[in-house]
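Notes for the one structure printed next.
The values are calculated or read from the model by the stated rules, or taken from the named source; none is laboratory data. Small disclaimer: the values here were computed from a predicted structure and weren't measured. Positions of Cβ are generated from backbone atoms using ideal geometry, with glycine treated the same way; all protein chains shown enter the neighbour counts. Ligands, DNA and RNA are excluded from the accessible area calculation, which covers all protein heavy atoms including side chains. Shrake-Rupley method; radii C 1.70, N 1.55, O 1.52, S 1.80 Å.
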Amino acid sequence: MSIIPVLGIDPTKTFASPYSSGFRLGQLGAVIGEPTKLYKYVHSINTLGNMEAGDVCYYHKYVDRYEGSAVTFDVSFSDGIGAGIAQTTVPTLSHCWIQIRGPATLSTALTAGSDGDPLTPAGAGDRTLDVAASATDHICAIACDASDKEIICMFPY
């Protein structure tokens with residue numbers, strides 16, 4: 001599978017509608033640097049307020065799930081599939097870029113774990129990840145420096 005992301009995006013921008021940005025939902029974007037990071041354009045659906053920079057978000061289980069690129073930071077509204085990391089404050093019902101690959105720092109401490117542990121939304125609180133405990137848990141990141149909330153993103157495209 002060949003992946004051709006849009007280069008030079010600004011992952012800190014949010015948009016009121018998917019059309020005002022010029023991007024398609026689910027489209028990939030990249031910022032080339034040391035290291036290069038990969039992002040995905042999504043629709044934020046949060047009933048509990050804004051997503052903040054560093055929040056983990058999950059695919060929403062009631063709104064088109066993965067196919068519709070709808071995300072939430074409320075783990076109880078997810079199917080346990082991690083989507084990515086918010087890059088800025090994202091008002092509810094906005095469209096934004098979330099980080100899906102590369103190193104990231106979380107806003108909320110990991111529920112548990114230490115460096116090198118595989119991480120999952122299963123068993124986690126809102127906006128964060130927990131250590132994978134089951135073979136069926138969706139592993140979407142690796143703890144890089146757990147005490148500093150640093151992870152390596154491996155979220156699905």
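Of note:
- Centroid-to-centroid separation of the range 132-154 and the range 1-66 [C-alpha atoms, Å]: 20 Å
- Annotation: amide H-H contacts under 5 Å for S69 (H modelled 1.01 Å from N, sequence separation of 5 or more, or interchain): none.
- The charge dipole of the chain, taken about its Cα centre with unit charges on the Cβ of Lys, Arg, Asp and Glu (plus for the first two, minus for the last two), comes to roughly 540 debye.
- Rough spin-label spacing in nm, given labels placed 7 Å along Cα→Cβ, for S76 and S134: 1.9 nm
- To the nearest 10, the accessible area of H95 is 10 Å² with a 1.4 Å probe.
- For the chain, the relative contact order comes to 22 percent (Cα pairs under 8 Å, sequence separation of at least 6).
- Couplings for the range 141-148, taken from phi via the Karplus curve 6.51 cos²θ - 1.76 cosθ + 1.60 with θ = phi - 60°, read 6, 10, 5, 9, 9, 4, 5, 9 Hz in order; Gly and Pro are left as x.
- Positive dipole terminus of the range 1-108, leading residue within S20, S76, C57 (C-beta point charges): S20
- Cut-off 14 Å between beta-carbons: net charge of the residues surrounding S21, Lys and Arg +1, Asp and Glu -1: +2
- Just checking the listed ones, G49, G29, G123: in the Gaussian network model of the chain with Cα springs under 10 Å, the one fluctuating most is G49.
- Cut-off under 5 Å, modelled amide H: who pairs with K61 long-range: S78, D79
- For I9, nonlocal amide neighbours, meaning residues 5 or more places apart or on other chains whose placed amide H falls under 5 Å from its own, are A30.
- Label point distance in nm, T111-T36, each placed 7 Å from Cα along Cα→Cβ: 3.4 nm
- Note on A16 and D145: with the Förster distance fixed at 25 Å, the Cβ-Cβ geometry gives a FRET efficiency of about 0.10.
- The HN-Hα couplings worked out from phi for the range 111-117 by the Karplus form 6.51 cos²θ - 1.76 cosθ + 1.60 (θ = phi - 60°) are 4, 6, x, 9, 3, x, 6 Hz, whole numbers, x standing for Gly and Pro.
- Solvent-accessible ranking of C57, C144, largest area first, probe 1.4 Å: C144, C57
- Heavy-atom accessible surface of M51, to the nearest 10 Å², is about 0 Å², with a 1.4 Å probe and all protein chains retained.
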